[in-house]
Amino acid sequence: MDLLHRGRGAFAASLALIAPALLAPGLLAGSAAAADPAYTVQALHFAVLTGPASDIPCDIVGDLYVPTDASPTSRKPAILTTNGFGGSKADQAGIGKAFASRGYVVLSYSGLGFGGSTCKITLDDPDWDGKAGSQLVGYLGGKAGVAFLDAAHTQPAPALDVVQLDHRDHAGRASVNDPRVGMIGGSYGGGNQFATASVDPRVDTIVPIITWNDLPYSLNPNNTAQGPGVTSTTPGATKLFWGLGFSALGLTGDAQNGQVPGEPLPCPNFADWVCPALVLAGTTGYFDAAATAAAHHASVASYLPRITIPTLLVQGENDTLFNLNEAIATYKALKAQGTPVKMIWQSWGHSGGPAPGEVDLDNPDPATQYETGRFLNWFDHYLKGTDVGTGPGFSWFRPWITYTGNAAPAYASSPSYPVGGARTWKLSGGGLLAPGTLTTGTPMLGMQTFLTTTGGLPTSLNPFDVLGSYAPLPNETTLDLPGTFAAWSTPALSANLDVVGSPVLTVSLQAPTAALTQATGPAGQLVLFVKLVDVAPDGKASLIKGLEAPIRVPNVNAPVKVTLPAIVHRFAAGHQLKLVVAGGSVNYRGGIVGAPVTIAAGSGQTLVLPVTP
């Protein structure tokens, strides 16, 4: 994953994990593509109408990959794919070549606002990106008048007549332009799949990789007052570096892709509501109600009942942008409504690259790479009807497993999520995190008091969200300023402790200042940051994958339930498990009003971990 060659420095290099390098040229391109190409490639322009009223014209650029043996009498299934944030159709060339070499017609296209495609970036809103994707589905199904050879749309391209057709879509309706088609892509290209499938029941299956469930949680997370899924009734704390990165990459997206910049006002290259929302969030530390509603509308959480087709969710354990909780929320909701769904937790995400034998972006091989094989089998099963298994219902990468070659030995599996059982610890006196089974001889009295800062200033020095791999600090190291946090630790563990899933903290707070100001709304509410730390025998404290749980507490007078980001982590024998509740973080905008906070030990103060044998 050669990010540094993108030419935007270390910051943009890390951002490239969002976008083109996610599924870069070469992915899935096996030995078949190494010989003389068994496909042709043609650049096309597509005239689409988008927007709530379907009356806004956009030009979409794409590359069509067609197997040489495809014909009206030998039709092939199709795959539709688009880029990650900041990328273009060219970034999906590996997908095009690989699947075309394996008997699929592939259409790779630049999403709205990127890579030569016009219109603004609308964050995969179904009314915009979804409708645009739907018209490309129609083209794959043989619809005429969609594709052109020029950007002015004066030279029509022939209708496509080599894609396998279905008699009925997934709503039971007959259509003459219904292709057998699946979608794949990562991050922004994953959200696009949900948006397109939500408005077009002709899509047969999707493979969204490291994408979101609810954008307000992704960019302004609140890990309390949630329900359903990761959606919260109270705004959270703004992600500073991810927000800045998206702003810079989106605002300059036209120029980066060789285009003439789009309409400059009121928000260059973005939907009109985005820029005011970002400015306000940077100032106050949270999204207002209008921005939250707009971002939620562009999220699968708002239209999930319309996703009824087989879905393979792939999420990253090393991801501070779209963490595992987003996939959990989508998985549980799809499963509850009866949608066929499976889930993979891979080692990599927006915050780090793949482990050996997962996906090799330079020299992929389905026989030696776990994820590559899963993707191919999924499409062969659902699009070609091949009698091949699609893998377990839930699989997760265990970073403590030693292996060579294919990463399959590092993956554990289960028929479904969640797995294992729950183990409870109590927040006891003396900063002790005591097993819930200890009922005698454990000090329960005691309290810890700390201060949050005014103006949202950071009090913790954690790995930087976007630049964690490039910063001079050792990755995952965490430090907190004295007097700005409370902490509880276990004694040295006598055996390995394997955690797979979302830890849950239930805690009661004493915050009299916040109790007086919270009625004024989010600006007056208490903001804290909860995190789990692995403390080695030498005292080195590591924040697991840079993950923490911001909370904006709507009512400090009631017990607070905090659902931390899910992890896959082994606390090794001899290490300590440490729980930290801090008043600030370098990666987030904290609370505006400083406040003293006291947490008293007691039986109701518990940390529950999902553990596996």
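Quick note: the coordinates plus some simple rules give every number you see, no bench work behind them. The shown structure was predicted, so the numbers you read here are calculated from the model rather than taken from an experiment. Neighbour counts run over all protein chains shown; Cβ positions are idealised from the backbone, glycine included.
Below is a table of values for the structure above.
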read-out: Full-stretch length increase - SER74, LEU479 - with 0.36 nm per residue and alpha-carbon distance subtracted; value: 139.6 nm
read-out: Computed over the range 23-182, Kirkwood Rh from alpha-carbon pairs, angstrom; value: 15.8
read-out: Linear extension gain, ALA523 paired with SER247, 0.36 nm per residue minus alpha-carbon span; value: 97.0 nm
read-out: Computed label-point distance, nm, for sites ARG173 and THR40 using a 7 Å Cα→Cβ extension; value: 3.3
read-out: Gained length - ALA151 relative to LYS540, 0.36 nm times residue gap less alpha-carbon distance; value: 134.3 nm
read-out: Whole-number percent relative contact order across the chain, with pairs defined as alpha carbons under 8 Å at least 6 apart; value: 13
read-out: Stokes-Einstein diffusion coefficient of the range 139-230, Kirkwood radius over Cα pairs, 10 °C, 1.306 mPa s, in µm²/s; value: 101
read-out: Coarse-grained scattering of the range 474-551 at q = 0.18 Å⁻¹, given as base-10 log I(q)/I(0) from a Debye sum over alpha-carbon atoms; value: -0.95
read-out: Extent along principal axes [Cα atoms of the chain; Å; largest to smallest]; value: 79, 52, 46
read-out: Estimated Rh, the range 190-253: Kirkwood, alpha-carbon pairs, angstrom; value: 13.7
read-out: Pairs of Cα atoms farther than 29 Å apart, the range 421-612, %; value: 19
read-out: Flagged links, alpha-carbon separation over 25 Å, of LYS76/LYS120; LYS97/LYS384; LYS76/LYS97; LYS239/LYS335; LYS120/LYS239; LYS89/LYS143; value: LYS76/LYS120; LYS239/LYS335
read-out: Distance in nm between pseudo-label sites at LEU165 and LEU49 (7 Å out along the Cβ direction from Cα); value: 2.3
read-out: Long-range Cα-Cα pairs in the range 92-155 (distance over 19 Å), rounded percent; value: 43
read-out: Cα coordinate range in the range 566-613, projected on the principal axes (Å, largest first); value: 44, 30, 20
read-out: LEU493-THR386 pseudo-label distance in nm [points 7 Å out on the Cα-to-Cβ vector]; value: 4.0
read-out: Relative contact order for the range 23-182, counting Cα pairs under 8 Å that sit 6 or more residues apart, in percent; value: 26
read-out: The chain: antiparallel DSSP beta bridges as a percent of all, rounded to 5; value: 75
